[in-house]
Every structure is written in C-alpha cells, then in structure tokens.
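Accompanying notes for the structure given below.
The values are calculated or read from the model by the stated rules, or taken from the named source; none is laboratory data. Bear in mind that the values here come from a model prediction, so they are computed numbers and not experimental data. Virtual Cβ from ideal backbone geometry, glycine too; neighbours counted across all protein chains shown. Remember, those area values only see protein heavy atoms, side chains included, never the ligands or the DNA or RNA. Shrake-Rupley method; radii C 1.70, N 1.55, O 1.52, S 1.80 Å.
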Amino acid sequence: MTQRLIIAGGGLSGVLTAVALAERRPDIDLTVLEAGPQLGGNHTWSFYATDVRGEARDLVAPFVNHAWDGYECTFQDFGRQFSTGYRSVTSDHFHQVAMGRLGDRVRLGVKAARIDEAGVTLESGERLEADAVLDATGPRELDGVVLRWQKFLGQEVRLTGPHGLTKPTIMDARVDQHDGYRFVYLLPFTEDTLMIEDTYYAEGAAIEAEQLRGRIADYARSRGWTIAELIREEQGALPLLLSSDFDAMWASAAPAHGAVPLGLRAGLFHPVTGYSLPMSARTALEIASMTGPISTPAIRARVEKFARRHMSRSGFDRLLNRLLFLAGEPDTRHRVLARFHKLPQSLIEQFYAGRLHPAYQLRILVGKPPVPFFQAVRVVPESAALQAR
Ligand SMILES: Cc1cc2nc3c(=O)[nH]c(=O)nc-3n(C[C@H](O)[C@H](O)[C@H](O)COP(=O)(O)OP(=O)(O)OC[C@H]3O[C@@H](n4cnc5c(N)ncnc54)[C@H](O)[C@@H]3O)c2cc1C
C-alpha cells in the first residue's frame, strides 16, 4: 500500500526535503502544504560553493540563479579577494524550480492549524492523515539555547548606471559602526542591479527598518551610486548560537507525539552565521536515503541523530560566538572579524562548511588575542553561558 508523507511549510527545508524525496522515494505519496502564495517566501539565500558537496551540491544546483567565482571582504585597514565560489538562490526562482519538480504535490495558500505525528489539520478544518509528518514551518522559540543575532535589511535595487562590481562583497566593514558590529553585504546580480544589505552582529533581534533603509541610501551615495528603482526588500534576524543543551533543545523542537522538525526550528543552522541552506540540503538527503516503510517516529529518530551530531561537531563555533559576544566589548568584534579574514582561505572555507580541522581551530585561537585573556577564560565553559543567560 502506498505510504503518505506530509510536509507542513514550503520554505527552504520543506522544499529541499520534498524534492529529495520526490527523486529518491517515488513510492511515497508526498504533499507539501504552504500557507503563503508561493514556495520559499521572500528570501535571497546564499552560500559558499564549498559549503555543499556531492549529492547536496546536486540537490541545490537547479535552484541557484546567481554564481560567482570569488568574493571580497573589506575592513578599515585591509581588503582581501577570495577565489572561493559564491552562490545565491532567490525565492522567485526557487518557487519556479520547485513547482516544476513537485507539481501537484504542492498545495499553496493552505495554513496548518495543528501539526502532529499522525497528520495535519488545516485552518479550514480539513484533516489530512499521513504515515509521516514533517514540520518545516520556520523558526520557533527553542529551550536550552543561548542566542545572539545576525540581523539585516537588504534592498535589491536598480542603479542609474553600472555599479562596477563583478563579485560579491561579503563584508564591507568600513562603514560607521553601530549595534555591535556593522557591515554592508553586496550581491551584484546584473551590471546595474544589486542587493545592498545593512547587517549587524547584535545582542538583540529588533530591526529599525527605517534607520537601516536610510543607511543603505547613504552607503549607495558614498559609493557614487544613484538608485533608480527599489526592486524588492527583505529582512531577517538569524540566530547565532552561543551555547546549547541538546536534550533540552530537542525536547522543545520535537515534543512527544509531534511531527519531525526541520530547518531552523530543529536547530539546524551554522552557529556563527545563522545560515541554514547547507544543513537543510544535508537533512533532506538524510531523510530521502531512508529505505523501507516510513513513519514519523522513524524519521524523527533519524533527524534527531543528525541534529545531535551537528551540535556535537559545532562546539568550537559556539565557543567562538561566546568569545565574540561575551568576552569582548561590542567594539572588539570588528577586530575579531578582521583578524579571522586574514587566515588562510582553506581554513575559512572549512570553517563555513562546518568541517574545520582541529589544527586550524588552534590557529584561530592563537596569536594576539583580541579579547582580554581572563574574560576569555570565563566564557570557555558552555554551561556557564547557559546559566548566565
Ligand atoms: C531574509 C532572509 C535571508 C536569509 N538568507 C540566508 C542565506 O543567505 N543563506 C542561508 O543559508 N540562510 C539564510 N537565511 C536563514 C535561513 O536559511 C532561512 O531563514 C530559511 O528560509 C529557513 O528555512 P526553514 O525551512 O527553517 O524556514 P522557512 O524557509 O521560513 O520556511 C517556513 C515556511 O513555512 C510556511 N508556514 C509557516 N507556518 C505555516 C503553517 N501554519 N502552515 C503552512 N505553512 C506555514 C511559511 O510560509 C514558510 O514558507 C535567511 C533568512 C532570512 C529571513
């Protein structure tokens, strides 16, 4: 008998999982329920080419609509070009590609009112039963975590003339500093269109949208650019993980008799950037590689194992966040980030890909410490941050 699987939430993690399942498990009757009018919402998701390898790269490749063969970073006293590839996926393109692959497996404009391990009840009252239910409805508050934020407002704009950029600027930190650590992020899409994002590594998640729009306008002027048209705007506050107690986190992410959590709500993101695209691709493949009959408990156990492994492997990233946010004053963040971007390119690639070699971990920590030694020692234990939160 055909088995049924429902994915509530047609955003990044829900769609990547659906596409991986549609390709690898055509025997499963799959439905994606999305509350919004299109899949993917309003995002530009980017990642380093080295963040996704093998099957994960193949899974995300059709969604990529902008690719560059390098990027740059600029700080007060130095700038650097990197040859690591950089990729972006815009949500409009994501929607089109996903609809092409999933077709009538997708129901748009339907909001789940209740999601449990046996099915989904829609706001309309309709009940859909399934053998397995995945909850990919986006971030939720999690227990057992200490967070800070990478928050931003980005505007995709058309200029009156060419901007002159050929590759992304991941950090232009020569700007006035506010709210922790501020930088501008630039993605040149065409000769005269680009995304300008005003970004902060901050203590709080609140975004003063008008203020950030003003700063984007000032930045454009400072570069000699005149904005002819605002094409679209997006904003977000991405979680940066300083400390975690996995069992407490998972108990809130996946309550008993609940569906399998995916994406940000499962804590599956890079602790230092809050980016989740690579982890979402890997989780999707993990689920789609399961053989035999499916069930919510079996998939939940598989995703829990995967999330626990991710959490235990990313302890060094959380330590770096504690050093960045708890040991130093906010104005030392600029120096920490500048120093990091002087390290070897291969180290930086491994760091963002979550595969940092232990010898490289030491390399990041040694040298002239940007934070006072005694303050640094105080934040080393993960438990201390959890208690002090
Ligand atoms: C503006 C922005 C830019 C980002 N840029 C990057 C980036 O460059 N790279 C990166 O790796 N990460 C990025 N992130 C972080 C992260 O990857 C994204 O937030 C990502 O979309 C999270 O994926 P998700 O599947 O957990 O949730 P989402 O993609 O938010 O998906 C949740 C989906 O569930 C739907 N939904 C919610 N409730 C219901 C309901 N009750 N019933 C039915 N559907 C429902 C929503 O409409 C939405 O489509 C960005 C985040 C934001 C906000």
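One table, with the values for the structure above:
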{"quantity": "Matching residues in the stretch 236-266 - criterion: being part of a loop (DSSP other than H, G, I, E, B) and either within 24 Å of Ala118 (Cβ to Cβ) or of a type in the set (Val, Ile, Thr) (or both)", "calculated": "Ala254, Pro255, Ala256, His257, Gly258, Ala259, Leu262"}
{"quantity": "Number of positions in the stretch 225-235 that are more than 10 Å from the ligand (Cβ to nearest atom) and either of a type outside the set (A, V, I, L, M, F, W, C) or assigned to a helix (DSSP H, G or I) (or both)", "calculated": "3"}
{"quantity": "Residue list for the stretch 31-43, filter: crowded, with 22+ Cβ neighbours inside 10 Å and either more than 6 Å from the ligand (Cβ to nearest atom) or closer than 21 Å to His270 by Cβ (or both)", "calculated": "Val32, Leu39, Gly40"}
{"quantity": "Of all residues making up the stretch 240-262, the number that are open to solvent by less than 50 Å² (accessible area, probe 1.4 Å) and within 30 Å of Leu128 (Cβ to Cβ)", "calculated": "10"}
{"quantity": "Enumerated strands (runs of 3 or more DSSP E) restricted to the stretch 28-96, each holding at least 3 residues that are of a type outside the set (A, V, I, L, M, F, W, C) and within 16 Å of Ala18 (Cα to Cα)", "calculated": "28-34"}
{"quantity": "Any pair with Cβ under 6 angstrom, 6 or more apart, that starts in the stretch 257-269 at a residue that is more than 14 Å from Leu238 (Cα to Cα) and ends at one that is within 8 Å of the ligand (Cβ to nearest atom) and part of a loop (DSSP other than H, G, I, E, B)", "calculated": "Leu262/Ala136"}
{"quantity": "Output for the stretch 117-137, where each listed residue is within 12 Å of the ligand (Cβ to nearest atom), open to solvent by less than 50 Å² (accessible area, probe 1.4 Å) and either touching a Leu at 6+ places or on another chain (Cβ under 6 Å) or free of Cβ contacts under 8 Å to residues at least 40 places away in the same chain (or both)", "calculated": "Val120, Thr121, Leu134, Ala136"}
{"quantity": "Meets criteria (within 10 Å of the ligand (Cβ to nearest atom) and either aliphatic (A, V, I, L, M) or more than 19 Å from the chain's Cα centre (by Cα) (or both)) for Gly9", "calculated": "no"}
{"quantity": "Among residues of the stretch 57-71, those that are under 15 Å from Met195 (Cα atoms) and touching a residue at least 40 places away in the same chain (Cβ under 8 Å), counted", "calculated": "3"}
{"quantity": "Answer from Gly9, Gly36, Gly14 - the residue that is in contact with a strand residue (DSSP E or B) (Cβ under 6 Å, 6 or more places away or on another chain), more than 17 Å from Ala353 (Cβ to Cβ) and touching a residue at least 24 places away in the same chain (Cβ under 8 Å)", "calculated": "Gly14"}
{"quantity": "Matching residues in the stretch 94-116 - criterion: being open to solvent by 50 Å² or more (accessible area, probe 1.4 Å) and out of contact with any Asp or Glu (no Cβ under 9 Å at 6 or more places or on another chain)", "calculated": "Gln96, Met99, Gly100, Asp104, Arg114"}
{"quantity": "Residue within the stretch 146-156 that is on the phi > 0 side of the Ramachandran plot, in contact with an Asp or Glu (Cβ under 7 Å, 6 or more places away or on another chain) and open to solvent by less than 50 Å² (accessible area, probe 1.4 Å) present", "calculated": "no"}
{"quantity": "All positions within the stretch 10-27 that are open to solvent by 10 Å² or more (accessible area, probe 1.4 Å) and either outside any helix (DSSP H, G or I) or of a type in the set (A, V, I, L, M) (or both)", "calculated": "Gly11, Leu12, Ala22, Arg25, Pro26, Asp27"}
